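Enquirer: Dropping a structure here in structure tokens format, bear with me for questions.
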Amino acid sequence: MTIQRVRFVGLAGIALIAFAASLSGARQTQGPIAPRPGAPIQKAPDNAIRVKVALVNAPVAVHDAKGELVLDLAQKDFHVLDNGVEQSIESFDLGGEPISAVLVFETSSRVAPLLPAVHKSAIVFTQTVLGPSGDAAVLSYDDSINRLLPFTADQDQIEKTIAELKAGYSGARLYDALSTAVGLLRDRPTSRRRVIVVVGESVDTGSEEKLGEVLREAQQANIVFYSVGLSTTAAGLRAPPAQSGPIQVTPPGTFGRPPMPGTPQSPTTEQQRDGNVDLLAVVAWLVQHTKDAVKERPLEVAAVATGGMYESTFRDRSIENAVDKVGGELQAQYTLTYRPMGSDAEGYHQIKVTVDRPGMKVRTRPGYYLEAK
């Protein structure tokens with residue numbers, strides 16, 4: 001009798017366990033459940049919310065009426081418009097995020113006499129541009145693109161690489177070098193400011209890349225260009241000039257660059273020319289028409305397109321000063337980050353930043369190009 005009772009209890013227990021397992025399996029069924037034959041299939045609503053995940057960084061430099069950098073602004077003082085729609089600033093920083101930079105140097109034979117001055121500027125790059133938490137890669141370009149140093153935070157190694165730059169051939173594949181630099185920075189952490197500093201002529205020869213394509217990619221990757229322009233004229237005038245008065249850089253009666261359309265060349269128009277060119281309009285056109293070429297002032301265009309700055313150097317001893325200015329602005333640069341809302345149209349997006357303080361001059365990137373998905 002005892003044996004039968006035990007056997008009965010055991011069989012009942014097994015049945016209960018099997019039944020519980022079947023219920024558990026039913027509750028844990030994975031994947032979609034097929035609808036009953038003839039039942040309508042539910043579709044996602046047409047008004048489903050589409051969320052943009054890409055963040056846009058707007059580097060901002062603010063100067064007062066005297067040209068001095070303004071460092072006491074708060075997030076509430078800034079307003080960001082994207083295609084005319086005011087945005088909500090998601091994060092705000094003043095020169096605090098660490099920098100990842102690609103340092104790009106022209107080493108063509110045309111600028112060879114200026115390389116000793118570039119060598120002396122090595123410590124300014126590490127101390128002023130990168131700061132204590134920055135890292136950098138180093139490229140040079142002439143007829144080819146030379147990857148001299150991968151990303152490193154070793155400042156001694158960075159300075160040594162710059163100090164040992166050697167002159168190469170006569171070509172200057174500037175756009176190809178910029179494209180390579182953009183590719184290197186694209187993989188850097190988004191928590192770091194991405195910067196390209198170019199030291200070279202505002203000339204390109206032999207590149208396969210187009211400047212518009214490079215700038216579009218840089219804008220999409222939140223990369224800022226800073227440029228230190230070298231001069232082949234300065235390289236050719238190492239000895240003190242024998243004549244007095246201003247140095248003529250071209251033969252008498254001629255000018256060093258083609259005229260502006262519809263404008264006759266004269267000493268007066270050439271002196272005023274730098275202030276008359278609408279580089280913002282050039283940038284917007286170039287980023288939208290990436291296959292077209294622009295030969296006029298490409299380093300300035302790159303800086304304007306990304307919210308950076310261009311420093312011209314005529315005398316080689318000013319190279320260090322120009323690099324120091326770049327570093328000074330990087331340490332005093334506001335970074336505003338927002339997630340574009342209310343304007344999701346593909347194509348070129350215009351960015352405008354204003355501050356709630358009169359008399360301020362605000363410089364930022366003029367926009368970016370949003371490709372169709």
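Enquirer: Residues of the range 190-213 being part of a strand (DSSP E or B) and surrounded by 21 or more Cβ atoms within 10 Å (Cβ to Cβ), which ones?
Expert: The answer is 193, 194, 195, 196, 197, 198, 199, 200.
Enquirer: Check every one of the helices (runs of 4 or more DSSP H) wholly within the range 104-187 and list those with 3 or more residues that are farther than 21 Å from residue 217 by Cβ and at pLDDT below 95.
Expert: 115-120
Enquirer: Sticking with this structure for a sec: Which one of 184, 165, 148 is under 30 Å from residue 96 (Cα atoms) and in contact (Cβ under 8 Å) with a residue 60 or more places away in the chain?
Expert: Going through 184, 165, 148 in turn, the sole match is 184.
Enquirer: Then there's this: Can you find, within the range 114-128, the residue that is farthest from the chain's Cα centre (by Cα) among those that are crowded, with 20+ Cβ neighbours inside 10 Å and of a type in the set (Ser, Thr, Tyr)?
Expert: The residue in question is 121.
Enquirer: While we're looking at this one, here's another question. Go through 231, 227 for me and flag whichever is polar (S, T, N, Q), modelled with pLDDT of 90 or more and either more than 21 Å from residue 330 (Cα to Cα) or in contact with a strand residue (DSSP E or B) (Cβ under 6 Å, 6 or more places away or on another chain) (or both).
Expert: Unique residue meeting the criteria: 227.
The values are calculated or read from the model by the stated rules, or taken from the named source; none is laboratory data. In this text the structure is predicted, and so the values were computed from the model without any measurement. All Cβ positions, even for glycine, are placed from backbone atoms using ideal geometry, and neighbour counts span all protein chains on display.
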